[in-house]
1. Can you tell me, using C-alpha contacts under 8 Å and at least 6 residues apart, the relative contact order of region 197-297 as a whole percent?
2. Please list, or write none, the aspartates and glutamates whose alpha carbon is within less than 18 Å of the alpha carbon of K263, excluding same-chain residues fewer than 8 places away.
3. For the chain, with a Gaussian network of springs between Cα atoms less than 10 Å apart, report the residue from Y150, Y218, Y207 with the top mean-square fluctuation.
4. Given the options S14, S112, S44, state which has the largest fluctuation in a GNM of the chain using a 10 Å cut-off (strictly under) for Cα springs.
5. Relative contact order for region 56-188 using alpha-carbon pairs under 8 Å, separation at least 6, rounded to a whole percent?
6. Show me the three semi-axes of the equivalent ellipsoid for region 1-157, from the C-alpha gyration tensor (sqrt of 5 times each eigenvalue), largest first, rounded to whole Å.
7. Under a straight-distance cross-link criterion of Cα-Cα below 20 Å, which lysines are reachable from K116, leaving out those fewer than 8 residues away in the same chain?
8. For a 31 Å ceiling on Cα separation, which of these pairs sit above it: K42/K202; K43/K286; K113/K286; K154/K266; K43/K264?
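Every read-out reported here was derived from the displayed coordinates using simple, explicitly stated rules and does not represent laboratory data. Predicted model, so just to flag it, every value in this text is computed and none were measured. With ideal geometry, Cβ positions are generated from the backbone for all residues, glycine too; neighbour counts draw on all protein chains shown.
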Amino acid sequence: MRVLVTGGAGFIGSHLVEALLAEGHSVSVIDDFNDFYDPKIKKSNLQPVLTDVRLHSIDIRDKDAVLRAFATERPDAVVHLAARAGVRPSIQHPEIYLSTNINGTFHLLEASKEHKVTRFIFASSSSVYGASTVIPFREDQVLTQTLSPYASTKLAGEHLCSNYSYLYDMGAVCLRFFTVYGPRQRPDLAIHKFTDLIHRGKPVDVYGDGTARRDFTYIDDVIQGVLAAVHRGDTLFDIFNLGESETTELRELIVEIEAVLGKKAKINRLPPVPGDMPATCADISKARRLLGYAPATQIHSGLRKFIEWYLRAHAL
């Protein structure tokens, strides 16, 4: 297939691009290399496969640029990973989250409609479950309240995908990712940030009492689920959780990182932050049944793989 990956230079995107190339697909990438974190990291992520992909350095908020990229590439499938990410920064800067994650998704769906894309995969988030007290989270839950602008933009993106699927017979799948980690993880995310701070002997900010629980999902498992969604063509619209279906407390996570690094964390305790969910945990029975999704990396082994990568990367 001809597959267009938005956000293809990012953490998840670069892993997906490599996996798609390994399967023999023709791959193009849209990425704007913004400064949410160091653009050099994203360029480095894509460097090993740069000669094998066609790269469009554009902002998905630019509708005309998106249309030109689609006219050039004429993709069969689109995997839309590009987004302004993160709960806390979305509270500080909601406007850019709304314009990128909602308007940008709209532009991609419009271009997909015009160029008759048969498969549109949208990267959603566990944050859409918001204030839900039903755990583990199921895809058929009624979602009545999100807790951050980021979460609301992801839920809006799901609704847009649903609209376009219904109105234009476009195959659309929304994948709710649960705290993805692994080599190349963004430096602002907990596992990467905590590892870096503990390794360098710097204080680790812990908001609240450290009992918040997350369903940490290893990158290889998420990529397996995304590829399955790309290949599944027997439905017009669906939503799937991609998690490990196990939870780890933040304070337990820090102990695990300490053990692997052989260093003690210096904890800086801070008040809880509005918008943070107390717990996330995925019911993955639907993804197992319909996608053949089979996560295989538990937090203990996945964390060790990440830290081994981190130490190699910082030894260069």
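1. 48
2. Counting by Cα, and skipping residues close in sequence, K263 has these aspartates and glutamates nearby: D196, D205, E252, E308.
3. Ranking Y150, Y218, Y207 by mean-square fluctuation puts Y207 first.
4. S44
5. RCO, region 56-188: 29 percent.
6. Those come to 27, 17, 16 Å.
7. K63
8. The pairs that break the limit, which is 31 Å between Cα atoms, are K43/K286; K154/K266; K43/K264.
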